[in-house]
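See structure below.
The values are calculated or read from the model by the stated rules, or taken from the named source; none is laboratory data. All figures in this text were calculated on a predicted structure; none of them were measured in a lab. Cβ sites come from the backbone with ideal geometry, for glycine too, and all protein chains shown count toward neighbours. Heavy atoms of the whole protein, side chains included, go into the accessibility calculation; ligands, DNA and RNA do not. Shrake-Rupley method; radii C 1.70, N 1.55, O 1.52, S 1.80 Å.
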Amino acid sequence: ENEYCISFDDNLKCQFDIALPLLEKYKISAFWFVYSSPLLNLIPELELFRYFRLTHYKHKNDFYKDFEKECLLLYPNKVKDGLKNFNPKEFLKIFTFYTFEDRKYRFIRDYILDQEEYLKIVWSIIKNSSFNYKKVIPLLCISKQDLKKISNLGHHIGLHSHTHPTNIARLNSDEQLKEYAENKYVLESIIKKNVISVAHPVNSYNSKTLQILSSLNIKFGFCSNQGAVKYRSNLELPRIDHSEIIKVLS
């Protein structure tokens, strides 16, 4: 009841530069949930797209407008029909920090478009802008050496999938297994330790996911919210988002 842990998702370089020194100062170890494709020099599209919409636009809602416009241009019927099922009061309601625009964007991304369609749209927007994405990529994610340092300092490295799908529950069993098996292999080959924990990317998982994680000897799994108020399993432990903690402290 009186014990807490700190966790970081997505292997961001800013976490290494800003958070790690503070953790070391106060002698606190933490969980670091790492998706592994950036460690193999693949483009970290999730973080690149986030950086693009938060820095290239005056407000992220301006990006959302461009995104929806491009969606309706390329896939008008699919998007219009899909949005008929969008209920902003219910969709992601446990995440109180999301705005209406955040929810709509995520609904289109995760429940209307497939991965290929989504990537095509965002890359089209980026390539028609003045944004120099190649210059930004090295600034976004931690390196192999950074990961080794974090691990060697006594922090706990966990899974977060290989490519960070935004709706991993939509993948079939073989695709989910590939995401997590490759993730585990890459991380363990770098830190030379067994990886036994996971954080579900975007809180997306299903019963197949839990079976796959168990088969990979993953002992502890974390959700992205407090939804698991009643204990369900060691692979579905609740977490409190930092934005909720900031509200309480403000």
Checklist outcome for this item: Within region 107-125, restricting to residues that are surrounded by fewer than 18 Cβ atoms within 10 Å (Cβ to Cβ) and not aromatic (Phe, Trp, Tyr), the one that is farthest from ASN172 (Cα to Cα) is SER124
Checklist entry - What residue, among those in region 155-165 that are part of a loop (DSSP other than H, G, I, E, B) and open to solvent by less than 20 Å² (accessible area, probe 1.4 Å), is nearest to PHE107 (Cα to Cα)? => result PRO165
Next on the checklist: I'm told SER189 meets every condition in (1) among the small types (Gly, Ala, Ser); (2) touching a Leu at 6+ places or on another chain (Cβ under 8 Å); (3) modelled with pLDDT of 95 or more except one. Can you identify the failing condition by its number?
Outcome noted: (2)
Checklist outcome for this item: Within region 95-129, residues being more than 22 Å from LYS84 (Cβ to Cβ) and free of Cβ contacts under 8 Å to residues at least 24 places away in the same chain number 4
Checklist entry - From the list LYS178, LYS135, LYS219, which one is surrounded by fewer than 12 Cβ atoms within 10 Å (Cβ to Cβ), free of Cβ contacts under 8 Å to residues at least 24 places away in the same chain and out of contact with any strand residue (DSSP E or B) (no Cβ under 6 Å at 6 or more places or on another chain)? => result LYS135
Checklist entry - Which of the residues that make up region 108-141 are part of a loop (DSSP other than H, G, I, E, B) and closer than 16 Å to VAL202 by Cβ? => result LEU113, ASP114
